[in-house]
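**Student:** The following block contains the structure, expressed as structure tokens.
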Amino acid sequence: MFSWDVLGLAALETAKISVPTIVDAVLGRTNYQRCNVRLASWSRRLLAQSRTRLEVEGLANLNPELSYVVMSNHQSHYDIPVVFQALGIPLRMIAKTELFRIPIMGQAMLDSGFVELDRSNRKRSLESLHVARRRIVDDRLSIWIAPEGTRSLDGNLGRFKTGGFYLALEAAVPILPVTIDGSIRIHRSGDWKVHKGQTVRVRIGAPIDPTAYSRPTLNALIERVRAEIQSGLPS
């Protein structure tokens with residue numbers, strides 16, 4: 001059963017913000033603030049169309065005046081609008097290169113400041129981290145990365161990759177641990193169904209200072225962030 005009513009509307013909403021973003025770039029008037037407004041509106045409409053109820057805990061841990069490396073678990077494509085709505089800060093993703101090959105949407109993602117990650121090419125992966133650092137330091141955007149690297153098939157937390165932690169060390173900005181619980185019930189990896197009316201709970205943990213760690217102690221930082229995210233999931 002295909003949920004064309006939701007998936008079709010989601011595609012339409014994505015096109016509605018992608019086309020003007022590309023036009024702005026072609027005309028040399030790319031403006032991240034304008035992109036922020038579009039992304040906020042887009043994510044709000046996607047959650048409304050799927051009748052998703054959002055419960056957010058820990059907003060006091062979030063300072064909207066600061067930039068972060070946001071790290072979360074990854075349960076569903078719906079994590080994207082969920083996180084944009086839950087945090088409400090200027091935010092861009094580090095996303096796999098396949099998403100940037102989607103016509104119109106991929107170009108709009110590049111033009112609006114999203115960061116392409118090609119894991120099959122180590123050199124390009126390192127270049128992506130440099131781009132992400134510029135987004136944080138120069139453009140004052142927060143960067144969101146799912147350190148698992150892919151969506152969970154069952155909601156359990158997978159092994160973390162190291163790239164985002166090196167980024168946090170290089171940019172010297174706090175890591176904001178975020179736990180998403182319930183988005184997998186909306187849309188699961190490999191499934192074409194969108195299940196309406198679900199509740200998604202988002203817990204924002206206390207920021208973690210990566211500068212208290214070093215490259216030799218990176219595993220300790222990874223384990224701390226992983227434990228914080230895991231603690232927000234059902235046991």
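Every number here is computed from the coordinates shown, using simple stated rules; none is lab data. Owing to the predicted nature of the structure, the values given are computational and were not obtained by experimental measurement. Virtual Cβ from ideal backbone geometry, glycine too; neighbours counted across all protein chains shown.
**Student:** Quote the charge dipole size of the chain about the Cα centre in Debye, to the nearest 20; the model charges only the Cβ of Lys and Arg (+1) and of Asp and Glu (-1).
**Tutor:** Around 300 debye, computed over the chain.
**Student:** Projected onto the charge dipole of the chain (+1 at Lys/Arg Cβ, -1 at Asp/Glu Cβ, origin at the Cα centre), which of I208, G113, S189 gives the Cα projection farthest towards the positive end?
**Tutor:** Result: S189, furthest along the dipole toward the positive end.
**Student:** Subtracting the Cα-Cα distance from 0.36 nm times the residue separation, let me have the gained length for R140 to R124 in nm, one decimal.
**Tutor:** 3.5 nm
**Student:** Using DSSP to call loops (not H, G, I, E or B), can you name the chymotrypsin sites (Phe, Trp or Tyr not before Pro) in the stretch 1-78 whose Cβ has at most 12 other Cβ atoms within 10 angstrom?
**Tutor:** Here the sparse-neighbourhood loop sites are F2.
**Student:** Mean projection of the alpha-carbon convex hull of the chain over all orientations, in nm²?
**Tutor:** With every direction weighted equally, the projected area is 12.4 nm².
**Student:** Follow-up question, since we're still on this one. Mind checking which lysines have their C-alpha under 16 Å from K96, skipping anything on the same chain fewer than 8 residues away?
**Tutor:** Hits, sequence-local ones excluded: K123, K161.
**Student:** Evaluate the relative contact order of the stretch 4-230 (contact order divided by residue number), counting alpha-carbon pairs under 8 angstrom at least 6 apart; express in whole percent.
**Tutor:** RCO, the stretch 4-230: 27 percent.
**Student:** Separate question: Under a GNM of the chain (C-alpha, springs under 10 Å), which listed residue has the highest mean-square fluctuation: G58, G205, G190?
**Tutor:** Looking only at G58, G205, G190, the biggest GNM fluctuation is shown by G190.
**Student:** Here's a follow-up. So if each residue of separation counts as 0.36 nm, and I subtract the Cα-Cα distance between A25 and L110, what length gain in nm does that give?
**Tutor:** Taking A25 through L110 to full extension adds about 29.6 nm, to one decimal.
**Student:** Another question, then. Give, rounded to the nearest 20 debye, the magnitude of the charge dipole that the stretch 139-235 has about its Cα centre when Lys and Arg contribute +1 at Cβ and Asp and Glu contribute -1 at Cβ.
**Tutor:** The dipole of the stretch 139-235 has a size of about 320 debye.
**Student:** What helices does the chain have that are whole DSSP H segments, at least 15 Å long along their own axis by Cα, and with mean Kyte-Doolittle hydropathy of -1.0 or more?
**Tutor:** Qualifying helices, which must be both long enough and hydrophobic enough, are 4-26, 32-49, 122-137, 218-230.
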